[in-house]
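The values are calculated or read from the model by the stated rules, or taken from the named source; none is laboratory data. This is a predicted model, so every value here is computed, not measured. Neighbour counts run over all protein chains shown; Cβ positions are idealised from the backbone, glycine included. Heavy atoms of the whole protein, side chains included, go into the accessibility calculation; ligands, DNA and RNA do not. Shrake-Rupley method; radii C 1.70, N 1.55, O 1.52, S 1.80 Å.
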Amino acid sequence: MGGKNPSYWFVGASYGGTDDQTTRFLQAGIWENGYEDKYLDIVRAMQPGERIAIKATYTKKHGLPFDSRGLTVSVMAIKAIGMITENPGDGRQVKVDWTPIDSPKLWYFYTYQPTIWRIQRNKWAAEALIDFTFAGATQDIDRFRNAPYWAERFGDVAPNKRRFGWTTFYEAIADKLLDFRNNRSALVAGIRDIAGRVDGLGHLADDKYVDGTTGFVRDICPFTTIGLFNRGISNVNRKVIATELAKFLGVTVPLPTSFEGIPVLNNLKSWYFGFENVRPADHIDALWNVFATGIRLADSADAKVQDDFGAAFDSANGRRGVAWNLTFGLYWVRPWSFLSLDSGSQSYITKALGIPIGLHGPKKRCNAADYLTAMDILESKFQDEGFPVHSFPELSLAAWNYKEPEAIPSGSEEDDGDAGEASAASDEAADLAAEPYSIDDILADGCFMERVELERLIDRLRAKKNLILQGPPGTGKTWLAKRLAFALIGQRDHLKLRAVQFHPNLSYEDFVRGWRPSGDGKLSLVDGAFMEAVEAARGTSHPYVVVIEEINRGNPAQIFGEMLTLLEADKRSPHEALELCYRRKSDERIYIPDNLYVIGTMNIADRSLALVDLALRRRFAFVDLEPRLGQLWRNWLIGHCGIAPQLVDDIEHRIVRLNAEIAADSTLGRQFRIGHSYVTPPVGAINGDAREWFRQMVATEIGPLLEEYWFDALDKARAARQRLVEGL
C-alpha cells in the first residue's frame, strides 16, 4: 500500500452540499472531484494502493453517546471505504475498489469540513481515525473528550475548574438575536427601553437622521447590539446591561461571572456603522449577513457555507465602522469557532506563536481568505498537545495576559495613553510604507503647536542629537516624539524608528548588550535595542531615531552605562569609541554614529520618580510641553471630530478651571495639570453623543487621576470631578 508512510483519504460525495453522489461512485468504481478549479493537485497526489473513505461531516447537539452539555459537536459519518486502484492524473477522478457500509459509522470530534482530507499515521488522533475507519476499531470517546482541544467543553474537568463558562451565555444571546434579523424595529425598541432604565447606552442616542434631525438609532446591527455590554465600561455596568438584554431576548442561560479574555470595543468606536444620513442602505444588512452566515458556518459542516460566509465577510469588511472589530463580533457570537484579531491577539499570534496573518483586505487588514486561513492553521495546531493553547477562547485569554518577551518593545501598534491628539489609525503597525513626512504632516495630524515651535524643536534635535519632551500627563509627549522622529527622518519609516520604554527593572544587559540563554541551553551575547539601533544607523547617512518613553522611570545612568558618555554630540565619531562591558572580541570599540538621534519623554507629575541624573541633563535638551486648549485645539474638535462649538467651549472652560485649581494647590502645582490629549478624541471616534463621550472620559480617566492626585482629600477630588460634568 503506497509508500513507507502512506496517506489515507477522507473525501466528500455531495455536490453543492445536497446532491449526494455516493451511490453513483460505488456503482462506477470511482471517486470524482466535483470542482473544476479546486483540489486538482491534491487529487493528483492520490496513489494506487492507498485507502480512501467517503465521509459526510455535520454537527449535532443531542442524541450523542456522551453528554455534550448542550454544545455543538462535530460528527463525521463514514459511508464507504475502498482502495485506490488507478489515478489518470487529471485532478478530477480516481478509480476505486469500494466496499459499501450498510449503516454509516459515526466518528466524533476529530473531523474536517472540506471535500478532501489527507491524513497519515503521525499523531494519535489520526491513527485512531484510521483504525476506526479501515480496521474496525472502536473510538475511545473519553480520550477525545479529555484531549486539550475538547476538554474545556466536553471533558471531565470539574465544574468549578472549567474556564470560559461565559461562552454559553454569548452563544445564547447570538441565537436569540438572530430571530430579530427581519424585525429590527422591535430590537431597537427593546434596546431603547433598556437605555431608559440603565446607564451606559447614551452613545446610541445621537444618530443623525436623513431629514437633518437627531435621535436614538432607528436601525442596529447584531455586533453593535452585543457590543453594548462589551465596551470599555466597568464590569458592574457590563453585567447590568447584559442582564437586561438577556431578559429582553428571552435568554435563560446564567450571566457570566467573569469577562476575562473577552475583547471589548473602544468606547468611542462602539458602532459598526455610520450615521443614518451618510450610511449606505445595505450597510446594516451586510453586517446581519455576516452574523447569520457566521452562525451557520460554526453550527454546520457544509463547505458551501464557508463560501457564503467569505462573500458576506468581504462585503461588510472595510465599510465605515467595520475593521478588526468584525472579528471581535464573530468571536462573541461563536467563541469556539471564530478568532478575534484584537491587537493583543494579533501580537500573541504573530510574536508568541510565530504564525503570520495575511493582510490582503481593506487598509492592510484581513480579508475573508486571510481570516479563514489563519483559523485553519490555528485549529490544526490546537490539536497538538504540545501547542501553548488549544482553542480560540484559550488563545484570547493567553493574549489578554501576554507580555512580549522582550522587556523593551520594539514598537507598538498605537501610541499610549499619553498620546491622543489625533487618530491612531495612521500609526497602525502594519503600515510600514515609507511615505514622505514633514512638519506639515505633524500639523495636519492634529498638533496644536505653532509651526515655528516645531521648527525650533527639529533644529534643537539636529544640533543636540538628544531631546527630552517633558510635561504633565496627557500633553501628547509620545505622540509628538514619534512624529518629530518621522519629520527628522523625512519619511514615515518605521524601520528607522525604534521605540522603547524604560522601567525600574530594565538593565544595561537588556538595553545595550548582555548574556542571555539560547535554545541549546548555553549563554550567548545578545545586543539590546540600543545597540541594534547603533548598528542599523552605522554605515548609512539616513537619520535613525530611538524614542525612549518615560526615560526617568528607569535608572538612565545604569541602563546606558558607557553609552551615556558616547551620547554627547561632540563624541559621535570613531575617535571617541569606547570598550563595552561585554565585548565580542578583545579589541572591539563602539561609538554612536552621528545620524542616530534619541528622543525621550518624561512625565514630571509622577511622584514615584527620582530627580533626573545631572549627567543625563547635560546630554539632553529639555523641552516643556503644556496643555494646549487654545484656538487650534478648538478648530480641530469642531472641524475634525464633529463636536458642536458650544460644547467645545464648555469643555475648554471646565478643563481650564480645573487646571487653575491644580496649579494653585500647594501639594500639586503646574506639572500636575490635565493635558489636552484627555479631551481630544480620535477622528471618527464619536459616533454618538459627544456629551456622553466627555462624561465617560471624566468617569474613567480624569476622575481616577484626580483621586490619585488628592489621595488624602478624596472629597476634593470628587467635587472637582463633579464640577467637570455638572450641567452637561
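A few comments on the model shown:
- Of all the numbered requirements in (1) under 36 Å from the mean Cα position of the chain (by Cα); (2) outside any loop (DSSP other than H, G, I, E, B), Arg24 misses one, and that requirement is (1).
- Residues that are of a type outside the set (A, V, I, L, M, F, W, C), modelled with pLDDT under 95 and farther than 19 Å from Ala690 by Cα were ranked within the stretch 245-273; the one that is nearest to the chain's Cα centre (by Cα) is Pro263.
- Taking the stretch 93-125 as the range and being in contact (Cβ under 8 Å) with a residue 40 or more places away in the chain and assigned to a helix (DSSP H, G or I) as the test, only Ala125 passes.
- Selection status of Lys176, open to solvent by 60 Å² or more (accessible area, probe 1.4 Å) and at pLDDT 95 or above: yes
- Residues of the stretch 673-700 satisfying the condition of being crowded, with 18+ Cβ neighbours inside 10 Å and part of a helix (DSSP H, G or I): His676, Ser677, Tyr678, Val679, Ala690, Arg691, Glu692, Trp693, Phe694, Gln696, Met697, Val698
- Within the stretch 316-344, considering residues that are in a helix (DSSP H, G or I) and open to solvent by 10 Å² or more (accessible area, probe 1.4 Å), the one farthest from Ser391 (Cα to Cα): Asn325
- For the stretch 483-497, filtered to residues that are crowded, with 21+ Cβ neighbours inside 10 Å and outside any helix (DSSP H, G or I), the residue that is modelled with the lowest pLDDT is Arg492.
- Residue check for Glu414: at pLDDT below 90, touching a Ser or Thr at 6+ places or on another chain (Cβ under 8 Å), assigned to a loop (DSSP other than H, G, I, E, B) and open to solvent by 30 Å² or more (accessible area, probe 1.4 Å): yes
- On the stretch given as the stretch 440-481, residues that are assigned to a helix (DSSP H, G or I), among the charged types (D, E, K, R) and under 26 Å from Ala615 (Cβ atoms) total 6.
- Any hit, the stretch 322-331, residues being more than 25 Å from Asn183 (Cβ to Cβ) and over 17 Å from the mean Cα position of the chain (by Cα): no
- Residues of the stretch 32-40 include none that is open to solvent by less than 20 Å² (accessible area, probe 1.4 Å), out of contact with any Cys (no Cβ under 9 Å at 6 or more places or on another chain), modelled with pLDDT of 85 or more and closer than 16 Å to Thr85 by Cβ.
- Some residue of the stretch 234-246 being assigned to a loop (DSSP other than H, G, I, E, B), of a type in the set (Asp, Glu) and either closer than 17 Å to Thr167 by Cβ or open to solvent by less than 50 Å² (accessible area, probe 1.4 Å) (or both): no
- Filtering Arg143, Arg181 for residues that are in contact with a Phe, Trp or Tyr (Cβ under 7 Å, 6 or more places away or on another chain), at pLDDT 85 or above and open to solvent by 20 Å² or more (accessible area, probe 1.4 Å) leaves a single hit, Arg181.
- Among residues of the stretch 636-659 that are open to solvent by 30 Å² or more (accessible area, probe 1.4 Å), none has a beta-carbon under 9 Å from a residue that is at pLDDT 95 or above and of a type in the set (Val, Ile, Thr) at least six positions away or on a different chain.
- Residue within the stretch 701-719 that is of a type in the set (Lys, Arg), open to solvent by 50 Å² or more (accessible area, probe 1.4 Å) and closer than 20 Å to Leu265 by Cα present: no
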